[in-house]
Amino acid sequence: MNDSVYRLARGPALLACGGFFVASGVLVFAAFLASGDATWRQVVTIVCAVLALVCLAQVLRFAVRPPVVAQLGEQGFTIGRPRRRGSWKDVEDVVVADGVLRLEGDGARAVLALELVDPGARSTALRDVYDRLNTAHGYRRFT
């Protein structure tokens, strides 16, 4: 099995883009108000302009390539923010309730809100988790 990567869904990504875009607008306005001849005003203007550019760069990053919310590999997983890493062999229980995936066990505890995963990939992600757990523990499907 290859590693599976699940990215932030468009809805939350666009919401974050909107927040960054509003922040950049406020910073450009602050830079405009602070512009003047005094040295401190120039410093404030430059700082606001740089922060506005950083916000716009985040908008582009989220719009072009949303961040990874889950990465599932053969040996283990990386899920959520803050990042939780674990091995499939350490997972003893998987619970899906109220739109949240919980992986629990010795040394492995991770939570992923499924609303963060693209709606078309949610069932695939859940099937992937169960398949990888079964493979790690040596279980096979009856055929």
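Overview of results
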| item | result |
| --- | --- |
| Those residues of region 86-130 which are touching a residue at least 24 places away in the same chain (Cβ under 8 Å) and charged (D, E, K, R), in sequence order | LYS89, ARG109, GLU115, ASP118, ASP128 |
| Residue in region 39-59 that is closer than 30 Å to ARG109 by Cα, free of Cβ contacts under 8 Å to residues at least 40 places away in the same chain and small (Gly, Ala, Ser) present | no |
| Criterion: surrounded by fewer than 16 Cβ atoms within 10 Å (Cβ to Cβ), of a type in the set (Val, Ile, Thr) and either at pLDDT 90 or above or out of contact with any strand residue (DSSP E or B) (no Cβ under 9 Å at 6 or more places or on another chain) (or both) - qualifying residue of VAL96, VAL68 | VAL96 |
| Test: residue in region 128-138 that is at pLDDT 85 or above and in a strand (DSSP E or B) | no |
| Test: residue in region 117-134 that is out of contact with any Ser or Thr (no Cβ under 9 Å at 6 or more places or on another chain), closer than 24 Å to ALA16 by Cα, surrounded by 15 or more Cβ atoms within 10 Å (Cβ to Cβ) and basic (Lys, Arg) | yes |
| Residues located in region 7-60, provided they are in contact with a Pro (Cβ under 7 Å, 6 or more places away or on another chain) and at pLDDT 85 or above | ARG7, LEU8, ALA9 |
| Among the candidates GLY80, GLY86, residue that is under 19 Å from ARG10 (Cα atoms), in contact with a strand residue (DSSP E or B) (Cβ under 6 Å, 6 or more places away or on another chain) and not hydrophobic (A, V, I, L, M, F, W, C) | GLY80 |
| Residue within region 56-63 that is under 30 Å from GLY120 (Cα atoms), touching a Ser or Thr at 6+ places or on another chain (Cβ under 6 Å) and surrounded by 14 or more Cβ atoms within 10 Å (Cβ to Cβ) present | yes |
| Filter result (among the aliphatic types (A, V, I, L, M), more than 30 Å from ASP118 (Cβ to Cβ) and loosely packed, with under 12 Cβ neighbours inside 10 Å) within region 1-32 | none |
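The values are calculated or read from the model by the stated rules, or taken from the named source; none is laboratory data. None of the values given here were measured: they were computed from a predicted structure. Every residue, glycine among them, receives a Cβ derived from its backbone with ideal geometry; neighbour counts consider all protein chains shown.
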